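A.B. asks: Once you've had a glance at the structure underneath, I'll fire off some questions.
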Amino acid sequence: MGWEWDADYADTATYDPCAALSWVTYPIEGATGSSPFIIALFHEGKYIGVATRVTFGFFPKVQRINDSTLKVTYTYNRGAESNADASGRAVSTYSWDSGAGKVVHKGNFPPGYNY
């Protein structure tokens, strides 16, 4: 989409070079509350890709479940809601599958995004 990701404002406190799965959340330059964000994933300190092929607006809430599993709550607008009133939530989990050597996604994305 032509956005520049802003490493200066990335949340790097969540990066753990020893974890089976860790992450860094990047905003775009000049981001506002509903701007797109991207979640970069890491396995034992090595970049393995992004959580989704498309970006979603609003800062995602990411929680560590255990060393290899993350829970992400995406926010979205329902109907004609303003950005300030966005009440939609979609929950996904991302888990490192050591046998397959990849991240496995389960759960939901905001409506309209198909994978």
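A.B. asks: Please work out which residue is nearest to VAL104 (Cα to Cα), limiting yourself to region 47-81 and to residues that are without any contact (Cβ under 8 Å) to a residue 40 or more places away in the chain and small (Gly, Ala, Ser).
C.D. replies: That would be GLY57.
A.B. asks: Here's a follow-up. Counting only residues that are over 10 Å from the mean Cα position of the chain (by Cα), without any contact (Cβ under 8 Å) to a residue 40 or more places away in the chain and surrounded by 13 or more Cβ atoms within 10 Å (Cβ to Cβ), how many does region 37-46 have? Reasoning before the result, please.
C.D. replies: Taking region 37-46 first, the residues over 10 Å from the mean Cα position of the chain (by Cα) are 42-46.
Next cut, without any contact (Cβ under 8 Å) to a residue 40 or more places away in the chain only: 42, 44-46.
Keeping just the survivors that are surrounded by 13 or more Cβ atoms within 10 Å (Cβ to Cβ) gives 42, 44.
The qualifying residues number 2.
A.B. asks: Just checking, how many residues over region 82-96 are of a type in the set (D, E, K, R) and in contact with a strand residue (DSSP E or B) (Cβ under 9 Å, 6 or more places away or on another chain)? I'd like the intermediate steps shown before the answer.
C.D. replies: Pass one, region 82-96, residues of a type in the set (D, E, K, R): 85, 89.
Right, trim to in contact with a strand residue (DSSP E or B) (Cβ under 9 Å, 6 or more places away or on another chain) and you get 89.
Looking only at that region, the number is 1.
A.B. asks: Still on this model: Among (1) at pLDDT 95 or above; (2) closer than 24 Å to LYS106 by Cβ, which single condition is PRO17 missing?
C.D. replies: The failed condition is (2).
A.B. asks: Which one is farthest from ALA84 (Cα to Cα) among residues in region 15-36 that are among the β-branched types (Val, Ile, Thr) and buried (at least 18 other Cβ atoms within 10 Å of the Cβ)? Break it down into steps so the answer makes sense when it comes.
C.D. replies: Here is the first cut: in region 15-36, the residues among the β-branched types (Val, Ile, Thr) are 24-25, 28, 32.
Pick out the ones that are also buried (at least 18 other Cβ atoms within 10 Å of the Cβ) and you get 24-25, 28.
On the way: VAL24: 24, THR25: 21, ILE28: 19 Å.
For region 15-36, the residue satisfying everything is VAL24.
A.B. asks: So which pairs qualify, if the first residue must be in region 99-110 and over 12 Å from ALA51 (Cβ atoms), the second must be part of a strand (DSSP E or B) and of a type in the set (A, V, I, L, M), the Cβ gap must be under 9 Å, and the two must be at least 6 apart or on different chains?
C.D. replies: LYS102/ILE48; ASN108/ALA90; ASN108/VAL91; PRO110/ALA90
The values are calculated or read from the model by the stated rules, or taken from the named source; none is laboratory data. Since the model is a prediction, treat every value here as computed from it, not as a measurement. Using ideal geometry, Cβ is built from the backbone for each residue, glycine included, and neighbour counts are taken over all protein chains shown.
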